[in-house]
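S.K.: Can you keep this structure in mind? I'll have questions shortly.
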Amino acid sequence: MTLEQEPPAPEPRPALTQKERMQLKRVDMPEQEPQIRAANFAEVNLGLTEQLALIEAERCLQCPKPYCIDGCPVRVNIPQFIRLLRDGDVKAAAASLLDDNALPCVTGRVCPQESQCEKVCLRAKTGKSVAIGHLERYVADWAMAHADELARSPAAQAGKSVAIVGSGPAGLTAAGELVKRGYDVTVFEAFHAAGGVLIYGIPEFRLPKDIVQAEVDRLVAQGVKIEADAIIGKTYTLPELRERFDAVFIAVGAGLPVFMNVPGENLKGVYSANEYLTRVNLMGAWDPEADTPLLHGQRVVVVGGGNVAMDAVRTARRLGAASATIVYRRSHDELPARAEEVHHAEQEGVIFEFLVAPTEVLGDENRWVTGIRCIRMALGEPDDSGRRRPEPIEGSEFEMPCDMLVVAIGTRSNPLLTQTAPDLEINKWGYIVTDEHGMTSMPGVFAGGDIVRGAATVILAMGDGKKSAESINAYLTGNWPPAVVEPEPAHAAKPAAHERPPRPAAAGVAG
Amino acid sequence: MHRVLTNEQLSPNVYRLVVEAPRIAQIRKPGQFVIVHLGHGAERIPLTIADGDPEAGTISLVIQAVGKSTFDLVELQPGDVIAGIAGPLGKPTELPESGRVVCVGGGVGTAVILPIARELARRGVRVTSIIGGRSREWVILEDDLARCGEVVTCTDDGSYGRPGFVTEALKDTLEAGGIDEVFAVGPVPMMRAVVALTKPLDVPTTVSLNPIMVDGTGMCGGCRVTVDGVTRYACVDGPEFDGRKVDFDELADRLTTYRPFERAALERREACKVGLKTGERGGVAAPAAAGAAGGAR
C-alpha cells in the first residue's frame, strides 16, 4: 500500500507537464491483508481513495490517438472519463463512463485490463500503464453511490419491443443500450435472480452481489423488465418469443459444465465448478445455516487454470480448507486466469501444481473421493491456440490425496434453447452461428456472448451485447444492413468476435 | 409469485399443494418437473408436476416432507405465496399409443405415476397401477389412479389391500403375461427391484430419477447419473430413463451426499419451531423414516 508515500493533493492543482506526469508512479490498489481475507468473503480490493484516484488520473497522457479505447471491447472513452476525473468533475466522468458501459462497477472489478486497455496504454511501453481498471472502478462506485444525481429521464419510446434471453453480462449490457434508445425490453432469466455468471459464478470477494444487484436495479429503474424463472426452450420457445417481440437477443452463455471424462468422476465430493460456485454464491451456502447444503473439503483440489478455477480454489480456502491446490496441465505462463487473481491466490496460500493432469479420481469403500491419480506433463510444440501443447511423460504417474475435487476445465453450450428452434443455425459445438452484425439465421434474432464465441470473459460478452444492441437498433429502424460496424473507422480494426471460430469447449477456460 | 390455493394432506408426510402457475399449467406434459424456490435463502427443490389445470392456471405438486425445505413447503397455507416456480423441466414421458402397461408407484413416487397413467388411459392404453405403502395411511392417490384403470394396492404390514411389497404384485402380473411396458417411480430400492423383475423378461421399463439437483437446466451437473455406462444429466436428458440401464448403486449413493447436513438442518428447524411456535400445526408428522424416498420427489 502506498498511503504513506502519496503527496498531499494540491488545491488548486496546476496542470502538470508531460514530463511531470511521466514521473508519477502507478498507485497500488489498497487490499485486505492476505491472512485476514483468506478467511472471509469480503471484497479483496478496497478501492482507491479520492487522493489515489486523482494522482493516478494525472498519469494519463491524454494521447491524441488513444489505443486504450481500441483495447476495450465496449470502447469506453477512457481518456475522456479520466480527464474529467482529473479536472475534478467526477459527476461528468461518471456520466461519460455510463454512456459507454452499462456495468462499469462490474468491469472495473473483473476485466482482464492487463490484456486489454492497459496492455496497449502508451505508458506500458516504458513502464507501468495507467491503472485504468482501478480508475474505472473508482468512478463507477462513485456513480453507484450517487445514483440519484445521475438519474436519466426515460428515453422517448421507440414503440418496439425486444426480448433478451439471459441476464448475464451480454444480456444486461444489451438491455441497457436498448432501453436507452427507448425500446421496451424484457429480459428472460432461467434462475430466480438476475445477473447470470455475475451472481452464480463470480464470488463475493471479487464482485459483491449487492453491486450486481445495484447494476440490475439501475436497469430496472430505466424501464428494463426482468422475467425470472423463465427457461427459453422450456417455459417459452424461441419461435414464440420471436412472435411476441420485434427482435430477440440470445445471450444464454455456455452453461454446461465440462468434466474430465476420467474414471471416478461421479464419486461423492466431486463437483463441477458451476455447481460448487452456484451453491456458494447464488444459493448462499457459504453460510452454514443456509438451506442449500455444501461440502466443506479440508484438502481441496481444483482442476483448471482459468478465472473460474481461481474463484473455486479461493472459495474453498475461505471455507476452511487447510490445503487448496490448483492442478493445471500447462505451466504458470499459460494460466488463462487474470494475473491479479493468480497473484491473489498465491498470496492466500493456494498451492499450484503445474504440468500435471488427472487420470483418475480415487475413492474409498463408501464412494467418497480420497484423491486423484495424476500424470506429469511436458510442453511440446505449439497447438492451434498458439500455446505449447502439454504431453504426458510416460511413467510419471503419482497420487495426490484430497477430500474434495472441483472440476473447472471449461463449459460448453446448453442445447435447451436450440433444441426448440429448428431454424436456428448452430455449429458442430452447438454454438449459435451469427453474421458480422450478430444476426443469426433467423431474421430479427441476434446472439452474442459465450453462446456464440465459446467460453470467454465478462467483458467480451459485454462487447457483444453492446454491438448487438447497435445492430438491433439498426434492424428495428429500417437501416438494415448497417453500413458501418465499427463506430470510429480511424481506429485500427480489431477482429470481430463473430469472425473468429469459437474455441472448442473444453479448451475454453483451462486450455 | 405463485399463490397456494389448497394444501391437502395425503399421508402422514405427503401433501398435495395446488398452486398458481398459468404458463406451466398450459404446456406441461406427463413426466416433467418444476424447480420450486420458496424465497430468499431457500433451497431450489425439484418436484414432479402431478397434475395441471390449464383453464384454472394451476398445477398440483405432491410433496413428501423429508427435510427442512420440504417441511417449509408443506406448511404453506392457502393464500401463501411461493416466490419462484421454474419449468416445465425435463423431457416428457414417451408414452405408447396402445397395448398394456403397468405403472408401479412407491410412496410419493405414486404422484409421478398419476399423470402418466392418466394420459395412457386417455389414449386407450390398458393401465394397471400397482401402488404401495408401509400401511394403509401411507397409500396415496388410490382413487385418482382408479379412474385410469385397475389398481392393485399393497401394504407392507397387510393393513390394507394386498400384503407385501409392490414388486411381489408386479411379479404376479408379469407372470400372467401380456405386459408391453412398465413405468416405475419410487424409492431407489423399489425401482431397482422392479428392474430385477422386468429385465430378465425383456419388458421395457421406464423409471423416473430424482437425484440431487440445483438449477434443473443442465448447468450444474449435480444430477449426473450413469445410464448404459454413460454419464447423463437427469434434469435435461431425463428425468426418465430406461431402468434396465441405470446404475442404481451410484444413484443411491450420490443421494446420501448431504445426509448429515440434512439431519442438522432439520434439527435446527425443529429447535426453532419448539422455541417459537410450540403446538402450532399439529398435522405435520415427525420426520418419518428419514430419506424414505431418497429425495423430495
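S.K.: Can you give me the angle between helix B:110-122 and the longest principal axis of chain B, using Cα atoms only, in degrees from 0 to 90, rounded to the nearest 10?
M.R.: That works out to roughly 50 degrees.
S.K.: Then there's this: For every other residue with a beta carbon closer than 13 angstrom to the beta carbon of B:Thr155, add +1 if it is Lys or Arg and -1 if Asp or Glu, then tell me the sum.
M.R.: Taking every other residue near B:Thr155 into account, the sum is -2.
S.K.: Can you tally the net charge around A:Asp100? Count Lys and Arg as +1, Asp and Glu as -1, for every other residue whose Cβ sits under 9 Å from the Cβ of A:Asp100.
M.R.: Local net charge: +1.
S.K.: Counting only GluC sites (Glu not before Pro) that sit in a DSSP loop (anything but H, G, I, E, B) with at most 11 other Cβ atoms within 10 Å, what is the longest stretch of chain B containing none of them?
M.R.: Between the exposed loop sites, the longest stretch runs B:98-279.
S.K.: Now a separate question. How much of the accessible area of chain B, probe 1.4 Å, is carbon plus sulfur, in whole percent?
M.R.: Roughly 51 percent, rounded to a whole number.
S.K.: Let me ask something additional. Can you compute 3J(HN,Hα) from phi for each residue in the stretch B:38-45, using the Karplus curve 6.51 cos²θ - 1.76 cosθ + 1.60 with θ = phi - 60°, rounded to whole Hz and x for Gly and Pro?
M.R.: Using θ = phi - 60°, the values come out as 5, x, 3, x, 7, 7, 9, 10 Hz.
S.K.: In 10 Å bins starting at 0, how do the alpha-carbon pair distances of the stretch B:84-186 split up by percent?
M.R.: Percent of pairs per bin, in order: 16, 48, 28, 7, 0.
S.K.: How much mean residue ellipticity at 222 nm does the protein assembly as shown get from its helices, if each DSSP H run of length 4 or more adds -39500 (n - 2.57) and you divide by all residues, to the nearest 500 deg cm²/dmol?
M.R.: The helix contribution divided over the protein assembly as shown gives -8500 deg cm²/dmol.
S.K.: While we're looking at this one, here's another question. Find out how many positive minus negative residues lie around A:Phe249, taking Lys and Arg as positive, Asp and Glu as negative, among other residues whose Cβ is under 12 Å from that of A:Phe249.
M.R.: Value of the local net charge: -1.
S.K.: Tell me, what ³J(HN,Hα) does each residue in the stretch B:64-79 have, in order and in whole Hz, if you take phi through Karplus 6.51 cos²θ - 1.76 cosθ + 1.60 with θ = phi - 60° and put x for Gly and Pro?
M.R.: Result, rounded to whole Hz: 9, 7, 10, x, 3, 5, 6, 5, 4, 5, 6, 8, 5, 10, x, x.
S.K.: Heavy atoms only, 1.4 Å probe, whole protein assembly: order A:Glu56, A:Glu50 by accessible area, highest first.
M.R.: Greatest to least solvent exposure: A:Glu50, A:Glu56.
S.K.: Would you list the membrane-span-like helices of chain A, meaning whole DSSP H runs whose alpha-carbon atoms span at least 15 Å along their axis and whose mean Kyte-Doolittle value is at least -0.5?
M.R.: Those that clear 15 Å and a mean of -0.5 are A:90-100, A:132-145, A:169-180, A:209-221, A:307-318, A:458-476.
S.K.: Say we join alpha carbon atoms closer than 10 Å with springs in a Gaussian network model of chain B; which of B:Ala184, B:Ala252, B:Ala56 then has the biggest fluctuation?
M.R.: Top of the fluctuation ranking is B:Ala56.
S.K.: Report, in whole Å, the centroid distance computed from the Cα atoms of the stretch B:103-141 and the stretch A:298-366.
M.R.: 48
S.K.: Can you figure out the FRET efficiency of A:Ser153 with B:Asp143, using R₀ = 60 Å and their beta-carbon distance, to the nearest 0.05?
M.R.: Once the sixth-power term is evaluated, E becomes 0.50.
S.K.: While we're here: Would you compute, for the Cα atoms of chain B, the largest minus smallest coordinate along each principal axis and list the three values in descending order, in whole Å?
M.R.: On the principal axes, chain B reaches 57, 43, 41 Å in Cα extent.
S.K.: Taking amide hydrogens as modeled 1.01 Å from N in the peptide plane, which residues meet the under 5 Å criterion relative to A:Ile426, leaving out close sequence neighbours?
M.R.: A:Val433
S.K.: Still on this structure, I have one more. With only Lys, Arg, Asp and Glu charged, each at its Cβ (+1 for the first two, -1 for the last two), find how big the charge dipole of the stretch A:74-122 is about the Cα centre; round to the nearest 20 debye.
M.R.: Around 40 debye, computed over the stretch A:74-122.
S.K.: What is the gain in length, in nm to one decimal, between A:Glu391 and A:Leu46 on full extension, counting 0.36 nm per residue of separation less the C-alpha to C-alpha distance?
M.R.: Going from the current span to full extension adds 120.1 nm.
S.K.: Using Cα centres only, tell me the gap between the stretch B:54-95 and the stretch A:66-95 in whole Å.
M.R.: 50
S.K.: Just to be sure I follow: if Rg is taken over the C-alpha atoms of the stretch B:100-254 and Rh is the Kirkwood radius over the same atoms, what is Rg/Rh?
M.R.: Rg divided by Rh gives 0.97.
S.K.: Something else now. Can you work out the Karplus-derived ³J(HN,Hα) for every residue in the stretch A:17-28? Use 6.51 cos²θ - 1.76 cosθ + 1.60 with θ = phi - 60°, whole Hz, and x for glycine or proline.
M.R.: 7, 4, 5, 5, 4, 5, 7, 5, 8, 4, 6, 9
S.K.: At a probe radius of 1.4 Å, what is the per-residue accessible area of B:Val194, in Å² to the nearest 10?
M.R.: For B:Val194, solvent-accessible area is about 0 Å².
S.K.: While we're here: Each label point is 7 Å from the Cα along the Cα-to-Cβ direction; what then is the distance between the points at A:Ser115 and B:Thr231, in nm?
M.R.: Placing both labels 7 Å beyond Cα along the Cβ direction yields 2.5 nm.
S.K.: Using 1/(1 + (r/R0)^6) with R0 = 35 angstrom and r between the beta carbons of A:Gln347 and B:Arg263, what's the FRET efficiency to the nearest 0.05?
M.R.: 0.40
S.K.: Averaged over A:411-419, how many beta carbons belonging to a partner chain fall within 10 Å of each residue's beta carbon?
M.R.: Per residue, the number of nearby Cβ atoms from other chains is 2 on average.
S.K.: What is the Cα centroid distance between the stretch A:446-468 and the stretch A:138-195, reported in whole angstrom?
M.R.: Comparing the Cα centres of the stretch A:446-468 and the stretch A:138-195, I get a distance of 16 Å.
S.K.: What distance in nm lies between label points placed 7 Å from Cα along the C-beta direction at A:Val220 and A:Lys91?
M.R.: About 2.7 nm separates the two model spin labels.
S.K.: Pop the C-beta distance of B:Arg126 and B:Ala83 into the FRET formula with R0 = 56 Å and round what comes out to the nearest 0.05.
M.R.: 0.85
The values are calculated or read from the model by the stated rules, or taken from the named source; none is laboratory data. All figures in this text were calculated on a predicted structure; none of them were measured in a lab. Please note: Cβ atoms are built from the backbone with ideal geometry, for glycine as well, and neighbour counts cover all protein chains shown. The protein model used for the area step is the full one, side chains on, heavy atoms only, and it has no ligands, DNA or RNA in it. Shrake-Rupley method; radii C 1.70, N 1.55, O 1.52, S 1.80 Å.
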